[in-house]
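One structure below.
The values are calculated or read from the model by the stated rules, or taken from the named source; none is laboratory data. Quantities reported herein were computed from a predicted structural model and do not represent experimental measurements. Note: ideal-geometry Cβ built from the backbone for every residue, glycine included; neighbour counts use all protein chains shown.
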Amino acid sequence: MTASKHALDLVKIAAAAADSKQGEDLVALDVSGPLPLTDVFLLVTGRNERNVVAIAGEIEDKMIEAGTKPLRREGRQEGRWVLLDFGDIVVHVFHEEDRMYYSLERLWKDCPAIPIELPVANSAE
């Protein structure tokens, strides 16, 4: 089983939003095989608590603009690990220390990675 086209489209929106707020080390994993409830995990790292909250907020805003509301959100108060569940895609925005500690990439290492295409910044400014 592979991630749906809709989930892959949502990954592009969420990844671009994360990138616009300096989200780092973006990794998308196709978890549709082992998990019947979602297709993709998008993992993002923020440099500090404020950055984590800003990244999560921008992702949520852009996803809502695209017509996809979050079903659930957790961790925004602490700013260490924010989970945004949009159904087909679940976004995990981590503080860098928490990302290393929980190491979801290692936990889901058998799931294929999905290439992330980010918009190219206009450097002629």
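Each residue in the range 20-39 was checked for being touching a Lys or Arg at 6+ places or on another chain (Cβ under 9 Å) and among the small types (Gly, Ala, Ser), and 1 of them qualify.
Restricting attention to the range 20-39, the residues that are closer than 18 Å to residue 53 by Cα, part of a loop (DSSP other than H, G, I, E, B) and in contact with a helix residue (DSSP H, G or I) (Cβ under 6 Å, 6 or more places away or on another chain) add up to 2. Across the range 58-69, the number of residues qualifying as part of a helix (DSSP H, G or I) and either in contact (Cβ under 8 Å) with a residue 12 or more places away in the chain or among the hydrophobic types (A, V, I, L, M, F, W, C) (or both) comes to 7.
Within the range 76-124, being under 14 Å from residue 56 (Cα atoms), touching a helix residue (DSSP H, G or I) at 6+ places or on another chain (Cβ under 8 Å) and assigned to a loop (DSSP other than H, G, I, E, B) holds for 76, 78, 79, 80, 86.
Considering only residues in the range 70-95 that are of a type in the set (Asp, Glu) and free of Cβ contacts under 8 Å to residues at least 60 places away in the same chain, the one that is surrounded by the most Cβ atoms within 10 Å (Cβ to Cβ) turns out to be 85.
Restricted to the range 106-125, and to residues there that are buried (at least 16 other Cβ atoms within 10 Å of the Cβ) and out of contact with any Gly (no Cβ under 8 Å at 6 or more places or on another chain), the residue that is nearest to residue 13 (Cα to Cα) is 116.
Per the conditions (1) surrounded by 21 or more Cβ atoms within 10 Å (Cβ to Cβ); (2) closer than 15 Å to residue 113 by Cα; (3) not hydrophobic (A, V, I, L, M, F, W, C), the sole criterion not satisfied by residue 2 is (1). From the residues in the range 9-59 that are of a type in the set (Ser, Thr, Tyr) and touching a strand residue (DSSP E or B) at 6+ places or on another chain (Cβ under 8 Å), which one is nearest to residue 70 (Cα to Cα)? Here the answer is 38. Of the residues that make up the range 27-34, is at least one modelled with pLDDT of 95 or more and out of contact with any Cys (no Cβ under 9 Å at 6 or more places or on another chain)? Yes.
Residue 27 falls short on exactly one of the conditions (1) among the β-branched types (Val, Ile, Thr); (2) more than 15 Å from residue 118 (Cβ to Cβ); (3) surrounded by fewer than 19 Cβ atoms within 10 Å (Cβ to Cβ), and that condition is (2).
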